[in-house]
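Colleague: This is the structure, below, for whatever I ask next.
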Amino acid sequence: MGPILSKDKYLLRSIAIIISMCFSFLASEAQVTDSLKIYFRSGSSQYDPSYKGNAERMDNFIKRIDEIERDSVNYTIYKIEYSAAASLEGSVSFNRYISQKRFESIVGYINNKVRVSEELIVSTVLGEDWEALLEMIADVEFKNKDKVLEIAMDNNLSDADKELQIKQIDNRKTWEYLLKTFYPEMRYCEAVVY
């Protein structure tokens with residue numbers, strides 16, 4: 001075979017780029033990310049399918065995990081990260097405890113439906129999720145918002161002291177508003193699949 005002409009070099013380079021793009025696309029497809037967020041009633045760690053659309057989200061998540069497991073040629077689960085949290089009612093220690101129980105409840109439920117190796121599970125038990133509260137109230141206007149933000153962001157205060165100070169604002173009216181408006185979204189267990 002003679003020397004490769006510049007036209008042939010161009011053609012070979014183009015083919016190499018197309019093949020590379022195809023493999024990149026397949027590699028990115030193989031790293032499927034899916035997620036699930038399950039909400040809990042106040043003080044509960046039991047999975048309740050009838051609460052806040054949990055059943056539909058759980059069913060879809062389990063179907064997706066099952067699809068990934070059955071198509072192990074094209075997809076691989078590298079890890080599942082769980083995080084569990086509680087709203088600010090109750091003591092700090094109870095909220096950490098209930099977060100742990102929420103994690104165990106959801107992992108147990110999912111593992112009854114589809115087998116996932118324990119080696120793939122990474123967990124974070126958040127207890128009280130102050131970051132979630134800050135994110136939720138960031139774009140919402142309400143009376144005493146500035147006071148709540150100041151207290152919530154004060155790193156010199158313990159979580160218990162933050163709660164106490166927020167409860168003292170206008171005879172608990174702000175606390176009650178937060179309780180009804182934001183706290184239900186803070187009682188969750190989330191799973192993210194990589």
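Colleague: For PHE94 and ARG115, what does the FRET efficiency come to when R0 = 45 Å and r is the distance between their Cβ atoms, rounded to the nearest 0.05?
Modeller: 0.90
Colleague: Determine, from the Cβ-Cβ distance of SER72 and ASP161 and an R0 of 45 Å, the FRET efficiency 1/(1 + (r/R0)^6), rounded to the nearest 0.05.
Modeller: 0.35
Colleague: Can you return the lysines within cross-link range of LYS63? Criterion is Cα-Cα under 25 Å, with same-chain partners fewer than 8 residues away left out.
Modeller: Partners within reach: LYS37, LYS52, LYS79, LYS101, LYS113.
Colleague: How long is the gain from ASP154 to GLN168 if the chain were fully straight, where each residue apart is worth 0.36 nm and the alpha carbon distance is subtracted?
Modeller: 3.5 nm
Every number here is computed from the coordinates shown, using simple stated rules; none is lab data. Computed from a predicted model, the values in this text were never measured in an experiment. No Cβ is skipped: glycine too gets one built from the backbone with ideal geometry, and neighbour counts run over all protein chains shown.
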